[in-house]
Amino acid sequence: SPQADCAPLPMVRLPNVAAPDARLVAPAAASFALVRQEIQQHTGLDALGVLADALRQPSFTTVKPGVLATSWHKAGRAIDLNQAGPFRRVVEGGMFRLFIGAVDITAIFEAHGWRRIPVQGNTSEWWHYEWHPEGISWAGAMRQVWDLATLTAAFPKVDWPSVGCTGELPAGGIQAGTVCVLESPRYSSPVETLAGCGPPV
């Protein structure tokens, strides 16, 4: 039987952040505030004061390459950095490590539970960070922030009432250097693994 713990989590507006919809789910917003403060302390710059994206509505769609319908943005758990920001990119396997001056921004994000994603096809995605350190499934995270009517309208193939609000990373986590192969979700179960993409989405 599904996990019944779908206690709703509030969306929190990120103070003094310019973005199309500058909101994250409460624990992610708290973590973001710590990352922002630490980057500012180490660099003297408020490098996260402008974001390219934060929250997206469940019904959001785009034809842009590399953008998944099942995006963590929709769960209020992802941000896209300002691509015109002061970031220096260093290639690291199929991903990028970001610096401002000599300060490792990626290390600060990761210390607070955020993670990078690999290059998606021809899209570098160096600007994208996600926050789901507890290993919750994407569908479970969506249940925490949206009502069933909204979810059903956006993703009618998912049996939302059966989706629990927990989830675990597979044993061993994500293999370093794994390049995520873009594969469409099948929605055959509440949790599924896409080829090469690490944790269940």
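The values are calculated or read from the model by the stated rules, or taken from the named source; none is laboratory data. Being a predicted model, the structure only gives us computed values, none of them experimental. Note that each Cβ is placed from the backbone with ideal geometry, even for glycine, and that neighbours are counted across all protein chains shown. For the accessible areas, the whole protein counts, side chains as well, though only heavy atoms, and no ligand, DNA or RNA atoms are used. Shrake-Rupley method; radii C 1.70, N 1.55, O 1.52, S 1.80 Å.
Dipole of the range 41-113 computed with +1 at Lys/Arg Cβ and -1 at Asp/Glu Cβ about the Cα centre; of Met95, Ser59, Ser71, farthest Cα towards the positive end is Ser59. D by Stokes-Einstein for the range 1-61, Kirkwood Rh over Cα pairs, 37 °C, 0.692 mPa s: 250 µm²/s. Full extension of the chain between Ala18 and Asn122 gives 34.7 nm of extra length, using 0.36 nm per residue less the Cα-Cα distance. Carbon and sulfur: what percent of the range 9-81's accessible surface (1.4 Å probe)? Whole-percent figure for carbon plus sulfur exposure: 58. Over all pairs of different C-alpha atoms, the range 24-152 has a mean inverse distance whose reciprocal, the Kirkwood radius, equals 15.3 Å.
Surface analysis of the range 1-146 yields an accessible area of 44 Å² per residue, using protein heavy atoms and a 1.4 Å probe. Extension gain, Thr62 to Arg89, is 7.1 nm, computed as 0.36 nm per intervening residue step minus the present C-alpha separation.
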